[in-house]
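Below: one structure, written as structure tokens.
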Amino acid sequence: MAKTSFSSHSEYQKQSWVGVFDHGRTMHDNLEGKVADILMWKNKKLSAAILIVLTLIWFLFEVVEYQFITFLCHILITAMTLIFVWSKVAGVLIDWRPPNIHDFSLSESTCRFYFAKVNWFLFEFFEISTGKDLKSFFLAIAFLWVLSVIGAYFNSLNLLYLVFLCMQILPVLYKKYEREVDYLATKGRQDVKSLYRKFDSKVLNKIPRGPVKQRKFQ
């Protein structure tokens, strides 16, 4: 049985080739700064450290069944003890500088970055919910419904950990098998568009709409 060659499908090569990410840009270009370095394992030490820490947290909560409040209190107790010892021995027994509040505070630019991300999410959520783009509206509804079904079979911690593992593994696999994934994504996108056109013509276009007010031009 002959193997299927993705490059042999000329009918898809003649069309505008659109992969999972923007054409002509790498995955690293589509992601941002340190996030890209972590997900693409450019900084292997940092990526491995984050993976180990989150795996340890998952192990404590899911396997050992460590309670969250107990875990949080133990973390705070440990942090307070370390800061206390640091502040008392710094400059006396050890040639260290004493702790400074700025070492533990978030910078204003970091706060602005996260606030901007939250506002962007709220804006996109509102725009999709208004139904201005029916395709995006129904896709969002379908995605949330599928996510709710998946969530019924996993607890929140397992689901979050599974998502994190996918974020750590899938970008690397995509980079390795980019052309094959782009081919399947293009074909799948075309099939979805075809189904949406049928749904639009048979269902959406039959939904009664209110009269559209014409603008008056002077």
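A few points about this structure:
- Per residue, the stretch 43-149 exposes an accessible area of 84 Å² to a 1.4 Å probe, with every protein chain left in place.
- Across the stretch 64-141, the volume of the C-alpha convex hull divided among the residues equals 172 Å³ per residue.
- In Hz, Karplus ³J(HN,Hα) per residue of the stretch 185-191 (6.51, -1.76, 1.60; θ = phi - 60°; x = Gly, Pro): 5, 5, 5, x, 5, 5, 5
The values are calculated or read from the model by the stated rules, or taken from the named source; none is laboratory data. Remember, predicted model here, so these are calculated numbers, not experimental data. For the accessible areas, the whole protein counts, side chains as well, though only heavy atoms, and no ligand, DNA or RNA atoms are used. Shrake-Rupley method; radii C 1.70, N 1.55, O 1.52, S 1.80 Å.
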